[in-house]
Amino acid sequence: MGIAELTRNAVDVLPRGELERKLELGRPLRVKLGIDVTAPHVTLGNGVPLQRMAAFQREGHTGVLIVGDYTTRIGDPSGRSATRPVLSGEEIDRNAARYFEHASTIIDPERTEVRFNSEWLGKLDFAEILRLTRTATVARLLERDDFAKRFGARAPISVSELLYPLMQAYDSVSVQADVELGGTDQLYNLLMGRDVMEAYGVEPQVALTVELLLSWDATLMSASRGNYIALFDDPNEQFGKAMRIPDSLLPQYYRLVLESVPEAVDPLEAKLALARFIVSRAHGEEVAQRAEERFTRVVREGRVPEDVPEASLPPGDPIHLPALLVEQLGIASTSEARRLIAQGAVKLGGEPVHELDLPRRSLEGALLQAGKRRFLRFRPA
């Protein structure tokens, strides 16, 4: 395969020449990736560094996924202007399990270690924490762009947040990482890992960063922002969201996601090929074909899909439409449901609905549509 494939789409591989030296050691390298489990979805953007881990695994190296169950209770402030909310232990465990399941559509689970950093961070006593803090100065910590901006604006920065880069670096010490992967927004943390490893007498890791994937709104793809395509999701959702990618971003998606160049000159055909790849990677080619057929019928031709699910109405009269959209059609929240109703994107029997409360009889046996791709038919009384 060669180093060119291992470093495909890499922005930084630091220090220069160090990865080549490590590859000559003649042993499997330990390739670390810290994963963010603050959200339940793994996005295509998360998949970009996972693809690099998979490339190392194909060459016989070991992937090490670090579940930050301990550090997630602090929250990585990278790119943030405020402290992140703290999740419960149950939410962290649930998200971590889902992450590994979905990441396995890209990486080789047999060549992957999954480690929870509470294994070592939870055992540090106060004296050991003080030793860790001595590996960096406050001035060095404030070099982080997000910290520097918040400090200059007199915005709050908790001490726990200042410790976050050191704790992530200690992960590298504990698992003896040879290479750490991350997006370009993680470069500071990855280089801090080198400094801390050296202070602990461990051979420092190589920092390898990859480009950050943009979403259809030209901002960074993020589960917390809601502008994401999930690595593993309902195939119709995946296909429909992929078709929202603007033509101007197709070169980035082909480079980072497909790791190829478009075969089709026509942007529509190139976009269809992208959507097919995303769905087939998660669900297989037959499911991708069905998703494309459904997209063509529903979105491009404006017809009702053949496989509309049926459901019974909840009790009560009248029926509160925003709650119904959340419970039955999977709309994210009642506020999002109200927004869709106000925009005329919710239809009953093909006609836009603007009322928030509907008589029960008007929904019995009716076809409800939200947006272009969500349909549900209610059983008659």
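Quick notes on this structure:
- Largest-first ordering by accessible area, 1.4 Å probe, given options Lys123, Lys32: Lys123, Lys32
- Based on alpha carbons, the Rg and Dmax found for the chain are 23.7, 73 Å.
- DSSP assigns beta bridges within the chain; of those with both partners inside it, close to 45 percent run antiparallel.
- Pairwise centroid distance, computed over Cα atoms, of segment 316-381 with segment 216-241, Å: 23
- Once both labels are positioned 7 Å from their Cα atoms along Cα-to-Cβ, the gap between Ala332 and Val159 label points is 3.6 nm.
- If the chain linking Glu20 and Val304 were pulled fully straight, counting 0.36 nm for each residue of separation and taking away their Cα-Cα distance, it would gain 96.7 nm.
- Cut-off 14 Å between beta-carbons: net charge of the residues surrounding Leu363, Lys and Arg +1, Asp and Glu -1: -2
- Taking Lys and Arg as +1 and Asp and Glu as -1, the other residues whose beta-carbon sits under 14 Å from that of Arg140 total -1.
- Extension gain for Glu113-Ser174 works out to 20.6 nm (0.36 nm per residue, less the C-alpha to C-alpha distance).
- Per residue, the solvent-accessible area of the chain (1.4 Å probe, heavy atoms of protein chains only, all protein chains present) comes to 47 Å².
- Shape call, segment 124-198: gyration tensor on alpha carbons, a/c limit 1.5: oblate
- Between 0 and 90°, nearest 10: helix 44-58 axis offset from the chain longest Cα axis: 50
- Element breakdown for segment 162-203 at a 1.4 angstrom probe: carbon and sulfur atoms account for 46% of the accessible area.
- Eigen-decomposition of the gyration tensor built on the alpha-carbon atoms of segment 61-204 gives equivalent ellipsoid semi-axes of 25, 19, 15 angstrom, largest listed first.
- Ranking by accessible area, most exposed first, for His354, His283, His61 with a 1.4 Å probe: His354, His283, His61
- Over 32 Å apart at the Cα level, from the set Lys149/Lys372; Lys32/Lys241; Lys123/Lys241, are Lys149/Lys372; Lys123/Lys241.
- Cβ-derived FRET efficiency at R0 30 Å, Glu203 paired with Lys149, nearest 0.05: 0.35
- Considering every alpha-carbon pair of segment 126-251, the percent of pairs per 5 Å bin, from zero through the bin containing the longest distance, is 2, 9, 16, 15, 15, 13, 11, 10, 5, 3, 1, 0.
- Nitroxide proxy distance, nm - points 7 Å out along Cα→Cβ at Arg379 and Ile129: 5.6
The values are calculated or read from the model by the stated rules, or taken from the named source; none is laboratory data. Quick caveat: nothing in here was measured; it's all calculated off a predicted structure. For neighbour counting, all protein chains shown are included, and Cβ atoms are generated from backbone atoms with ideal geometry for every residue, glycine included. Just so you know, the surface numbers come from the protein's heavy atoms only, side chains and all, with ligands and any DNA or RNA stripped out. Shrake-Rupley method; radii C 1.70, N 1.55, O 1.52, S 1.80 Å.
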